[in-house]
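Chemist: A single structure is presented below for examination.
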Amino acid sequence: FFDGPSHTTIVSTTPEIRECVFTPYDRPQAEVIVEGIAARRLAAAKIGVQPWGYSPHATVSDDLRARLEAGGATVEDHSFLVEELRFVKSRAEIAVVRRTAAIADNAMEEARDAIAEGVMETELEGIIMASMMKSGGGYPGIRTMLGSGPRAGTHHSPPQHRRIRQGDLIFVDFCGCLHRYHVNVNRTFSLGEPDPRWTTLMDNSAGCVDAVTGGVKVGDPLSKVQEVADAYTDKVGLRDYVWFVGGYSLGIAMPPDWCGSHWVAPRENLGDRVITPGQVFNLENQFDVWEDWPGGSGAAWIDSFLVTENGLEVLSRLPRNLVVV
């Protein structure tokens, strides 16, 4: 493990770190790291790096690679090695995932119950985070995505100071987080009775989960989730409103992201995966409406699945329909 000397106390109170090389601030970090590797007779070893990671900065990463190669190492891209090992979770990890899901549901319910005319979006964010912290959770890898009224279809927008109005749709998307394990949940609410077209859209889309849990089994390719979800979306006539239907793996994550690299529609040439007990991934049904329906500009839900020996288990107990508050 490599870290700066200002983190000596943090390192010393983390029992999982059994050996650490501290990098002085008056020397290039890459130089000290290479020396530490050489001191352990690994200078000529095969060393994996993670260029897909968010840190270190590209200039530091390039410097480290050049110094390792100059010292005789064979440097390879293993950006996804650790995530591959984490993709199927142990029983102990699954227990944490279930607790994480409960934390997320409780926070979503508290946010729902606080929705009222005049409440700011940022107040709902405060309620969500307070609920999760009181339950023992932590900060998720991405800040809450929350929008109301005309901002309900912004999807990835952080909460703003906008005050909720009667008739608004309220879009709330976040991850429960416990011991860095993530479970994603997204629901849309309506303050007062919505335009019936919103209700119909969300009622129709909610059935996508049943289609997936009924149509996908252990041993199928992960991409079958996408296949079934797309077929259902087309069957109920929602394709023209789709902003995104799909999903990705979930697990241990740190800011600024929680998205795993294994998507139900494979990306980055990682190939497909076989659905295996112990995997966790989400499924999103997100919609944009440009037809000036009163109340908002979009609506959505997201659920997370745990793969068990019996198939796909939905981790949230909350309804996916448009909930009136």
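The values are calculated or read from the model by the stated rules, or taken from the named source; none is laboratory data. Since this is a predicted model, take the numbers as computed values, not measurements. Cβ: placed from backbone, ideal geometry, glycine included. Neighbour counts: every protein chain shown.
Chemist: Looking at the stretch 37-45, is at least one residue of a type outside the set (A, V, I, L, M) and surrounded by 13 or more Cβ atoms within 10 Å (Cβ to Cβ)?
Modeler: Within the stretch 37-45, not a single residue is of a type outside the set (A, V, I, L, M) and surrounded by 13 or more Cβ atoms within 10 Å (Cβ to Cβ).
Chemist: Just wondering, is there one or more residues in the stretch 9-32 that are more than 21 Å from residue 137 (Cβ to Cβ), without any contact (Cβ under 8 Å) to a residue 24 or more places away in the chain and touching a Ser or Thr at 6+ places or on another chain (Cβ under 8 Å)?
Modeler: Scanning the stretch 9-32, I find at least one residue that is more than 21 Å from residue 137 (Cβ to Cβ), without any contact (Cβ under 8 Å) to a residue 24 or more places away in the chain and touching a Ser or Thr at 6+ places or on another chain (Cβ under 8 Å), so the answer is yes.
Chemist: Only one residue in 257, 234, 292 is among the acidic types (Asp, Glu) and part of a helix (DSSP H, G or I). Which one?
Modeler: Of 257, 234, 292, the one residue that is among the acidic types (Asp, Glu) and part of a helix (DSSP H, G or I) is 234.
Chemist: Another question, if that's okay. Pairs please, first residue from the stretch 306-318 and in contact (Cβ under 8 Å) with a residue 24 or more places away in the chain, second anywhere and among the basic types (Lys, Arg) and in a loop (DSSP other than H, G, I, E, B), Cβ atoms under 7 Å, 6+ apart in sequence or on different chains.
Modeler: Once the first residue is in contact (Cβ under 8 Å) with a residue 24 or more places away in the chain and sits in the stretch 306-318, its partners that are among the basic types (Lys, Arg) and in a loop (DSSP other than H, G, I, E, B) give 311/217.
Chemist: Name the residue, out of 124, 146, 201, that is assigned to a strand (DSSP E or B), touching a residue at least 12 places away in the same chain (Cβ under 8 Å) and aliphatic (A, V, I, L, M).
Modeler: Selected residue: 146, the only one of 124, 146, 201 that is assigned to a strand (DSSP E or B), touching a residue at least 12 places away in the same chain (Cβ under 8 Å) and aliphatic (A, V, I, L, M).
Chemist: I'd like the full set of residues that are among the aromatic types (Phe, Trp, Tyr) and farther than 21 Å from residue 81 by Cα, limited to the stretch 1-47.
Modeler: 22, 25
Chemist: Could I ask something else about it? What residue, of 123, 69, is over 18 Å from the mean Cα position of the chain (by Cα) and outside the structural domain of residue 176 (by TED's automatic domain parsing)? Steps first, answer last, please.
Modeler: On the way: 123 fails: outside the structural domain of residue 176 (by TED's automatic domain parsing).
Answer to the check: 69.
Chemist: Here's another thing I want to ask about it. Could you tell me whether any residue of the stretch 204-219 is farther than 22 Å from residue 108 by Cβ, in a loop (DSSP other than H, G, I, E, B), in contact (Cβ under 8 Å) with a residue 12 or more places away in the chain and in contact with a Lys or Arg (Cβ under 8 Å, 6 or more places away or on another chain)?
Modeler: If we filter the stretch 204-219 for residues that are farther than 22 Å from residue 108 by Cβ, which is where we start, we get 211, 214-219.
Among the residues that remain, those that are also in a loop (DSSP other than H, G, I, E, B) are: 216-219.
Keeping just the survivors that are in contact (Cβ under 8 Å) with a residue 12 or more places away in the chain gives 216-219.
Cutting the leftovers down to in contact with a Lys or Arg (Cβ under 8 Å, 6 or more places away or on another chain) gives us 216.
Yes, the stretch 204-219 has at least one match.
Chemist: Regarding the stretch 104-114, can at least one residue be identified that is crowded, with 16+ Cβ neighbours inside 10 Å, closer than 16 Å to residue 180 by Cα, assigned by TED's automatic domain parsing to the domain that holds residue 282 and at pLDDT 95 or above?
Modeler: The answer is yes; a qualifying residue exists.
Chemist: Can you name the condition, by its number, that residue 135 falls short on among (1) touching a residue at least 24 places away in the same chain (Cβ under 8 Å); (2) surrounded by fewer than 16 Cβ atoms within 10 Å (Cβ to Cβ); (3) among the small types (Gly, Ala, Ser); (4) farther than 16 Å from residue 168 by Cβ?
Modeler: Every listed condition holds for residue 135 apart from (2).
Chemist: Determine if the stretch 264-279 includes at least one residue that is surrounded by 14 or more Cβ atoms within 10 Å (Cβ to Cβ) and part of a strand (DSSP E or B).
Modeler: No, because not a single residue in the stretch 264-279 is surrounded by 14 or more Cβ atoms within 10 Å (Cβ to Cβ) and part of a strand (DSSP E or B).
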